[in-house]
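Contents: one structure, followed by commentary.
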Amino acid sequence: MRFLHPAAWAGFLLHCAMLYVFFRALTGVDLSLFSPEERQIMDVLLGSLETLRLFYYAVLAMQALALGMLATRVRFGLGLAIVASIIMLPWSLIYLIGCALSHYRGKYAEFTLAPPDAAKQGGRVFSAGAIKKLRFAVFGALAFSFGCLAINWYNVGTIAFGFGLAAFYTAARARKNPALALYQEYFTVTPSLFADSLLIRYDAVRSATLHDNESILLKVENSGAPGSLVWSLRSVETEQRRAALEELGAALSAHSVPLY
């Protein structure tokens, strides 16, 4: 369970609590408080209560199974988590983000995490290219959500607001974790928006292979544990990609690891 991020647990427990309150409220509802039109809707809802209960219990079971798969580093755990989250959007965003963080924790478990203060130690830092796009996504989603709420499109507005908050969180992570940072003895890379920055010592790199000037396959050996990752140059701001490739290649070559 060490790979599971706290947000994944928090999101799952939130779903359990929400469904408990939802079904408890439905079973104790007083139909006399509703208008005739609302009462017809409630009659249909209460008539299918057991079916709804079984359906949502199945969704929770899928989410629990996805957590187990992520904890044991099963490849398709994140895919199952995505499928199990769709029906409960936007409330499932906490769970889904936690699962994405857990997936990359397990995927890069063989690598050393970059220290939190790595960026303060100087070095050549290349920012994540997704920051600008995510900023537009935040403002766009929040503006759209308030517009929907103003015209009583509550469900659409709530989902848009949730995606706006999710975009804000990922933008904050991208700002905190640079796509690439070069130091004297090591460098750091961030393979994904939901992955932590990884510290890679130059003397631990066994090979570096460039594919189509877009991605680099790094094979690394840390404390006797081999690992590999594909780092995409697209994660760097467009105007910095050529410089990032040249400077990383020069740093690797200086430590007898040619980038080819």
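Please treat every number below as a calculation from the coordinates, not as lab data. All figures in this text were calculated on a predicted structure; none of them were measured in a lab. With ideal geometry, Cβ positions are generated from the backbone for all residues, glycine too; neighbour counts draw on all protein chains shown.
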(request) Select from 211, 178, 199 the residue farthest towards the positive end of the dipole of the range 158-234; place +1 on Cβ of Lys and Arg, -1 on Cβ of Asp and Glu, and compute about the Cα centre. (result) 178
(request) For residue 199, enumerate residues with amide H under 5 Å from its amide H, sequence gap 5+ or separate chain, H modeled in the peptide plane. (result) 112, 113, 114
(request) Can you list which of the trypsin sites (Lys or Arg not before Pro) found in the range 48-84 are DSSP loop residues with at most 11 other C-beta atoms within 10 Å? (result) 75
(request) Set the Förster radius R0 to 45 Å, insert the Cβ-Cβ distance between residue 222 and residue 83 as r into 1/(1 + (r/R0)^6), and round the FRET efficiency to 0.05. (result) 0.85
(request) Please compute the net charge surrounding residue 245, taking Lys and Arg as +1 and Asp and Glu as -1 over other residues with Cβ under 14 Å from its Cβ. (result) -2
